[in-house]
1. In the neighborhood of residue 66, defined by Cβ-to-Cβ distances under 10 Å, what is the net charge if each Lys or Arg adds +1 and each Asp or Glu adds -1?
2. Please report, in whole Å, how far the alpha carbons of the chain spread along each principal axis, starting with the longest.
3. Can you compute the modelled spin-label distance between residue 120 and residue 158, with each label point 7 Å from Cα toward Cβ, in nm?
4. Which residues does the label zone of residue 71 cover in the stretch 90-120, counting backbone N under 12 Å from a point 7 Å along Cα→Cβ?
5. Out of the trypsin sites (Lys or Arg not before Pro) in the stretch 16-73, which ones are loop residues according to DSSP with at most 12 other C-beta atoms within 10 Å?
6. What do you get for the angle between helix 55-71 and the principal long axis of the chain? Use alpha-carbon atoms, 0 to 90 degrees, nearest ten.
7. What pairs in 83/120; 17/102; 16/90; 39/163 have C-alpha atoms more than 24 Å from each other?
8. Which aspartates and glutamates does residue 20 reach when only Cα atoms under 16 Å apart count, and residues fewer than 8 places away in its own chain are ignored?
Amino acid sequence: MFKTHLLKAASLAQIKKELKLRSSQDIEELCLRLGRFKKENKELLTYLLFEADDEQGYITHIKETIDDEFNSITNTNFYYLKKSVRKILKNVKKYIRYSNDKETEVAILLHFCERLITFKPSITRNITLHNLYDRQIQLIDKKIETLHEDLQYDYREDMQRLK
């Protein structure tokens, strides 16, 4: 009888050792093949290759994307509004993971919260959206504590406006 075994993923240490043994052409082919499998892989490769050198440009681009997504919300029904806001937040978290920079994370989450709190209809009329906002504010507070003192001061001023 035919047995199926799930392919067990190698550890990062094993992958790193194997990559050291490969030629640059092999690594290039692996990256291209990886990019074909999932949209997120391709997005991460795009960030690493084209945007990682200009973090401020990346932050600006993500803020514009957030603005566009909030501007595209047309339904005032809170059910659809919640779904749209959750989708935007899911994308925001994905963009933050690509960067893996605490300052970028704080800047992008602050912008998301600014857009959410100024959105019409007001999120204060919906407990779920208000709780989502509060959780993000708490997360930003924790992330600010990990930054350099000068940056902490600047971001804390921004936080006061949101509270």
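FYI, it's all coordinate maths here, none of it is from the lab. All figures in this text were calculated on a predicted structure; none of them were measured in a lab. For neighbour counting, all protein chains shown are included, and Cβ atoms are generated from backbone atoms with ideal geometry for every residue, glycine included.
1. Once all neighbours under 10 Å are counted, the net charge is -3.
2. 58, 48, 26
3. 2.5 nm
4. In the stretch 90-120, the label zone of residue 71 (backbone N under 12 Å from the point 7 Å along Cα→Cβ) covers no residue.
5. 22, 38
6. Once rounded, one gets 60 degrees.
7. Beyond 24 Å between Cα atoms: 17/102; 16/90; 39/163.
8. Straight-distance partners of residue 20: 28, 29.
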